[in-house]
Amino acid sequence: MRLIVHNMLTCNIKGVVNKFPLRIEAEKVIKKEVDFNPDFLRHMLAKIEWKALVDGARSMGYTELPDQLESEESYSFLKKFHHALLELHLEEGSLVCQETGRKFPVEKGVPNMLLHEDEV
Amino acid sequence: MKATLAPSSLISLPRHKVSSLRSPSLLIQSQRPSSALMTTMKTASRGSVAVTAAATSSVEALREGIAEFYNETSGLWEEIWGDHMHHGFYDPDSSVQLSDSGHREAQIRMIEESLRFAGVTEEEKKIKRVVDVGCGIGGSSRYIASKFGAECVGITLSPVQAKRANDLAAAQSLSHKVSFQVADALEQPFEDGMFDLVWSMESGEHMPDKAKFVKELVRVAAPGGRIIIVTWCHRNLSQGEEALQPWEQNLLDRICKTFYLPAWCSTSDYVNLLQSLSLQDIKCADWSENVAPFWPAVIRTALTWKGLVSLLRSGMKSIKGALTMPLMIEGYKKGIIKFGIITCQKPL
């Protein structure tokens with residue numbers, strides 16, 4: 001699971017208010033290179049929840065992202081954004097609901113967001 | 001100890017109620033197990049814990065059944081048919097015997113015709129984010145993401161499918177555009193209004209609660225976004241008809257068992273649901289004639305040497321699935337099974 005996806009996933013347990021973002025507990029993170037596409041990245045900057053991205057990246061061991069979005073979209077900034085958003089893969093770990101503590105497992109890079117009967 | 005049900009127990013859901021849906025409230029009502037059903041479940045799970053536990057775990061049992069079915073059969077399907085797990089779209093009455101690649105093209109055409117029917121092709125530039133509900137191994141997602149340059153997320157109950165879908169995306173250098181998760185279409189892990197296009201290609205058949213399924217599709221659609229549902233349905237009921245004929249229902253029940261389909265409804269039922277949720281520009285069509293060559297072609301590939309060997313290797317679910325395919329042909333021929341498309345737009 002890459003952070004571009006993590007930035008979209010919410011906890012869908014009934015009654016939960018604080019659905020997003022899910023906290024990441026990383027057990028295995030791998031890096032996979034992806035082609036650098038500045039246009040795509042600039043387009044994504046408008047849609048990304050920045051804090052969730054920064055916190056998510058930190059949980060996966062990457063601390064280079066600035067806390068605040070920079071007004072100057074410098075090349076080096078975009079490269080860091082690119083790396084965090086697209087190149088870090090959570091292979092094994094959990095996504096944790098901030099409100100309930102419920103853990104959604106991530107196995108072989110695939111998050112499992114299925115709810116139990118009593119959570120619906 | 002959780003009482004797990006065999007899929008056959010699910011078939012005793014009051015099917016006549018499910019088939020004769022006229023209003024969303026009826027739909028929701030029919031999904032609660034009747035007292036007759038509770039007794040059946042009690043008998044089926046003799047010696048295990050409370051009946052209420054059995055009743056509530058039926059949905060989980062269905063989900064597990066679907067996941068296991070696709071965990072087992074996806075590899076086989078992909079080996080023989082490739083990464084699109086849906087019907088091809090053909091010109092009606094085309095008597096030409098198509099090659100394998102002809103059928104593959106027909107499957108691509110199904111995607112294109114669906115997009116065109118929904119009016120999406122004219123509005124390409126507006127499609128930025130897509131959700132593929134019941135994504136299989138991601139054929140539609142990767143195709144649509146490439147076509148529109150859009151981001152696409154797919155959800156499936158099968159971990160095997162999700163992994164394979166991600167691997168194929170990586171192999172096609174689409175990892176930055178498409179990704180796949182295990183999630184329930186009835187409880188999508190996304191915020192309201194996320195997606196410009198909500199795509200459900202032949203997954204509606206698996207949903208035990210059609211009202212909830214449609215509500216979720218609508219919820220995650222962005223204002224102005226489009227919803228496309230392509231699904232197997234049963235024929236529309238005539239005026240005054242409360243349910244399908246018993247022999248028709250019997251045919252569908254036999255298909256349900258093997259393919260883990262909990263309930264059939266009609267195209268009209270979907271239209272009514274969408275109307276009740278105030279969707280706009282609701283359109284539907286019967287494409288049964290356009291998919292007629294599909295099942296005979298699937299059977300032909302199953303009967304090749306490669307097909308038979310692969311089937312035997314895959315396991316019982318695959319074999320049972322193959323044996324059930326003639327029933328699909330019978331269902332289409334007798335006008336019980338329809339291949340429907342229903343599309344609409346969420347108001348701004």
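A few remarks follow.
- Ordering of B:207-213, B:131-137 by packing [mean C-beta count within 10 Å, highest first]: B:131-137, B:207-213
- Placed amide H near residue B:225: partners under 5 Å, 5+ positions off or other chain: B:346
- Cβ crowding within 10 Å, taken as a proxy for footprinting-reagent exposure, orders A:64, B:242 from fewest neighbours to most as B:242, A:64.
- Computed from backbone phi with θ = phi - 60° and the Karplus coefficients 6.51, -1.76 and 1.60, the 3J(HN,Hα) list for the range A:65-75 is 6, x, 5, 10, 5, 7, 6, 8, 8, 5, 4 Hz; x is used for glycine and proline.
- Each residue of the range B:259-274 is assigned a 3J(HN,Hα), and the resulting list reads 9, 6, 9, x, 7, 10, 9, 9, 4, 4, 4, 4, 4, 4, 4, 5 Hz, derived from the Karplus form 6.51 cos²θ - 1.76 cosθ + 1.60 (θ = phi - 60°), x at Gly and Pro.
- Cα gyration tensor category, rounded, prolate or oblate, for the range B:88-233 with a/c compared to 1.5: rounded
- Value of D in µm² per second that Stokes-Einstein yields for the range A:41-104, Kirkwood Rh from Cα pairs, at 20 °C (1.002 mPa s): 167 µm²/s
- Over all pairs of different C-alpha atoms in chain A, the reciprocal of the mean inverse distance, the Kirkwood hydrodynamic radius, equals 14.9 Å.
- Kirkwood hydrodynamic radius of the range B:145-229, Cα pairs, Å: 13.5 Å
- In order along the range B:291-304, phi translates into HN-Hα couplings of 10, 3, x, 5, 5, x, 5, 5, 4, 4, 5, 5, 8, 6 Hz, rounded to whole numbers, per the Karplus curve 6.51 cos²θ - 1.76 cosθ + 1.60 with θ = phi - 60° and x for Gly and Pro.
- Dipole of the protein assembly as shown, positive direction: furthest Cα of A:21, B:345, A:112, with charges on the beta-carbon: A:112
- Charge dipole (the range B:153-258, unit charges on Cβ, about Cα centre) - positive-most of B:185, B:246, B:208: B:185
- Length-normalised contact order for the range A:9-120 - Cα pairs under 8 Å, 6+ apart - percent: 37 percent
- The range B:216-267: C-alpha gyration tensor shape, a/c 1.5 cut-off, then a/b vs b/c: oblate
- Absence of a disulfide-compatible partner, taken as no other cysteine beta carbon within less than 4.7 angstrom, is noted in the protein assembly as shown for B:135, B:152, B:233, B:256, B:265, B:284, B:344.
- The protein assembly as shown: translational diffusion in µm²/s, Stokes-Einstein, Kirkwood Rh over Cα pairs, 4 °C, 1.567 mPa s: 56 µm²/s
- The lysine pair tally for the range B:273-348, using Cα distances under 26 Å and a gap of 8 or more places or different chains, is 13.
- Remark on residue B:338: its backbone amide H falls under 5 Å from those of B:233, B:234, B:235, a criterion applied only to residues 5 or more positions apart or on other chains, H modelled at 1.01 Å from N.
- Nonlocal amide H pairs with residue B:202, under 5 Å, H built at 1.01 Å: B:230, B:231
Coordinate-derived values only; no laboratory data. Note that the coordinates shown come from a computational prediction; the quantities given were computed from them, not determined experimentally. We place every Cβ from the backbone using ideal geometry, glycine too, and count neighbours over all the protein chains shown.
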